1. Is it the case that the stretch 263-284 has a residue that's outside any helix (DSSP H, G or I), more than 18 Å from the chain's Cα centre (by Cα) and of a type in the set (Val, Ile, Thr)?
2. Assigned by TED's automatic domain parsing to the domain that holds GLY416, among the acidic types (Asp, Glu) and within 25 Å of ALA433 (Cβ to Cβ), is that true of ASP19?
3. What single numbered condition from (1) open to solvent by less than 40 Å² (accessible area, probe 1.4 Å); (2) part of a strand (DSSP E or B); (3) under 30 Å from ILE370 (Cα atoms) fails to hold for LEU260?
4. Taking the stated definitions as given, is THR262 more than 19 Å from PRO47 (Cβ to Cβ) and of a type in the set (Ser, Thr, Tyr)?
5. Would you please name the residue that is nearest to the ligand (Cβ to nearest atom), looking only at residues in the stretch 183-212 that are buried (at least 23 other Cβ atoms within 10 Å of the Cβ) and of a type in the set (Ser, Thr, Tyr)?
6. Taking the criterion of being assigned by TED's automatic domain parsing to the domain that holds ALA384, small (Gly, Ala, Ser) and under 27 Å from SER94 (Cβ atoms), would at least one residue in the stretch 277-290 satisfy it?
7. State whether the residues of the stretch 296-310 include one that is within 16 Å of the ligand (Cβ to nearest atom) and of a type outside the set (A, V, I, L, M, F, W, C).
8. Residues in the stretch 150-157: is at least one touching a Lys or Arg at 6+ places or on another chain (Cβ under 9 Å) and either away from the ligand (no atom under 12 Å from the Cβ) or in the same structural domain as LEU48 (by TED's automatic domain parsing) (or both)?
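The values are calculated or read from the model by the stated rules, or taken from the named source; none is laboratory data. Worth saying up front: this structure is predicted, and the values here are computed from it rather than measured. Neighbour counts are summed over all protein chains in view; Cβ atoms, including those assigned to glycine, are modelled from backbone coordinates with ideal geometry. Ligands, DNA and RNA are stripped out before the accessible areas are found, and what is left, the full protein with its side chains, is counted by its heavy atoms. Shrake-Rupley method; radii C 1.70, N 1.55, O 1.52, S 1.80 Å.
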Amino acid sequence: MSRSASSPLSDAVPWWRPDPARTLVIRGGRPLRGTYPVSGAKNAVLPLMVSALLTPHLVTLHNMPASLDVAVLAALLRRLGAELHWSRTEAGLSVTICADQVHPVRIDRELVARMRASVLLLGALLARGGEANLPMPGGDAIGLRGIDFHVAGLRAMGAEIELAGGTIRATAPRGLSGAEILLPQPSVGATENLLLAATMARGTTIIRNAAREPEIADLVACLAAMGASIEGAGTDVLAIAGGRPLGGAVHPVMPDRIELGTLACAAAITGGELHLRHGRLDLLGAAAPLLAAAGVELRPVEDGLMARRAPSGLAGVDIVTRPHPGFATDLQAPAMALLATATGASMITETIFEQRFRHVDELRKMGAAIAVRGQTAVVRGVPALQGAVVSGTDVRAAAALVIAGLGAEGETVLDGLDHLDRGYDRMADKLAACGADIRRAG
Ligand code: UD1
């Protein structure tokens, strides 16, 4: 998936420009200084965009990140019949989505295959029109990432779902009805899918063991602005009184807590100091004290956080990834890049995804001392990383390698740039504006 191969995207999304660059070239060792604006959250914006399919009225989203995932979902929504109007002001990128017409069968296999969050279309289309016909979703190759929780929850609400030949066919001949659903794990995507569906189902839906990620509270806030009745945002029990007609809404996308944590690591590894505009400590959950213990100082200031390396330097810490408010799995790879040059050892255990150490081999190419046994990586800090030719295999792995490259001696050439572009809004440009020696290259 490359920008150059994505010209249909630039037809659908005016701000998306094909870019032939396949790699990022970083000369490390330059302290980052200045203001880095944290974008709207990648993981919040996708369900928010899908929520616009629930209503024929206008949904306006502000603080939109200009990322490849957003472009792909925008193209998908257009194929489904929605109209999208984009505008850019000093406050950032906004979109107004009008889904007064939705054609549930016209779903594009190539676009769906690019992005796992496209599975959210299932709940929204079933709720809106009683049918969905969707290729199995794609996304990062970081684990099994089944959709069994999504399917079981929607079936409990009365949907008939068939999975065959790489396609999901779902209908709700009698409409969806409220149900009591217990999620086996607090899945973010399943919680969102069921929330979307439940807002239009007859009666009350209770989702137990719901995910508590802040992006879910952001979706609840937008749905509530549309007129939905949802209790329990931020807790593990959500109660949705469904069936109310939904109106339009205007909603600002929450700041991206993963970009925030990643850039805090970048400030610390380079020995610089960044003003992370829009950043908030409360978004980081358990990552805030752990980053502090690792030597990443985060100080609240007006409109954001100041991030820098503590005068005592970087120190090894132990991390176990957990559902929110635990340490986010999406920060595991960037934290590992940071800890690669910390004093002492760190033990990092991944409990959410089973294939989320694919950045380890790449960090080793840069001189990191990391041993993996099962789901645990032991990182022994080395005095410095060295630039190397490395490959980002998923969106967060690519971000971790950018962090490593910024802190390393010499030149790092990172391919897998599309992964970075999927999740981050102009990261290289924003880093360059803070003094990084970083450029996109063919
Ligand atoms: C979302 C985020 C992703 C983040 C992850 C965990 C988006 C677009 N992506 O992904 O960045 O890393 O949450 O915080 O928001 N599972 C099943 N069956 C299911 C659903 C999930 O077995 O039906 C498993 C998954 O394989 C995984 C775990 O549950 O092991 C958590 O996955 P989930 O929370 O659903 O992640 P996503 O929503 O895909």
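1. no
2. yes
3. (2)
4. Yes, satisfied.
5. Looking at residues that are buried (at least 23 other Cβ atoms within 10 Å of the Cβ) and of a type in the set (Ser, Thr, Tyr), I get SER187.
6. There is at least one residue in the stretch 277-290 that is assigned by TED's automatic domain parsing to the domain that holds ALA384, small (Gly, Ala, Ser) and under 27 Å from SER94 (Cβ atoms).
7. no
8. Within the stretch 150-157 (the criterion being touching a Lys or Arg at 6+ places or on another chain (Cβ under 9 Å) and either away from the ligand (no atom under 12 Å from the Cβ) or in the same structural domain as LEU48 (by TED's automatic domain parsing) (or both)), the answer is no, since none of the residues qualifies.
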